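The values are calculated or read from the model by the stated rules, or taken from the named source; none is laboratory data. All figures in this text were calculated on a predicted structure; none of them were measured in a lab. Heads up, the Cβs are rebuilt from the backbone with ideal geometry, glycines too, and the neighbour counts pull from every protein chain shown. Accessible surface is based on the protein model in full, side chains and every heavy atom, while ligands, DNA and RNA are left aside. Shrake-Rupley method; radii C 1.70, N 1.55, O 1.52, S 1.80 Å.
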Amino acid sequence: MQVFAKRIVISGLLLLTGCGPVNNLATSEYNLTTFSARHYTSKPHTASILVTQPDAAAALQTDQMLYMKKPFQLEPFAKNVWVSQPAEMIYPLMVQSLQASGYFSTVASSPYNQGAMYRLDTQLLDFKQNFIKYPSVFE
């Protein structure tokens, strides 16, 4: 009888070890690395601009990649994430794009730059894959 009881206890313990927490680590991380290098035909100005980090909507203050299958319902992809929050990835691309445009003599990104003639403040309101439309589109 003791051997039977030991087998039941060991079997129960083996079954319980398989019921541990599920590990849903992301398998793919994505980064935004390219920017618009469109060349403008207008002549450069002597104006300078300060570019501040974009403010992000609450739903976008995460590294999760979001998608939409139903209106107003965002869901995260199971195994894909951004390397960092979208607003943090877009910020250097905005600065690089403005620098490459040649339109401004100075493009500053330091929050302590007081001499800029213009200031660009932005908000990131939407950043998702929309599967409601066919074919799906990134918005």
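Residues TYR103, TYR112, sorted by accessible area with the largest first, give TYR112, TYR103 [1.4 Å probe; ligands and nucleic acids excluded]. Ranked by solvent-accessible area (1.4 Å probe, protein heavy atoms only, all chains present), the residues GLU29, GLU88, GLU75 order from largest to smallest as GLU29, GLU88, GLU75. ASP55 exposes around 100 Å² of accessible area when a 1.4 Å probe is run over every protein chain in place. Placing pseudo-labels 7 Å out from each Cα toward the beta carbon at SER136 and GLN123 gives an inter-label distance of 2.8 nm.
Couplings 3J(HN,Hα) for segment 127-138, derived from phi with the Karplus relation 6.51 cos²θ - 1.76 cosθ + 1.60 (θ = phi - 60°), are 6, 8, 8, 9, 8, 6, 7, 10, x, 4, 10, 8 Hz, where x marks Gly and Pro.
In terms of its alpha-carbon gyration tensor, segment 46-103 comes out prolate; a/c meets the 1.5 threshold, and the first ratio a/b outweighs b/c. Counting only Cα atoms, the size of segment 64-139 along its three principal axes is 46, 22, 20 Å, in decreasing order. Rounded to the nearest 0.05, the FRET efficiency derived from the C-beta distance between SER105 and GLU29 at R0 = 35 Å is 0.45.
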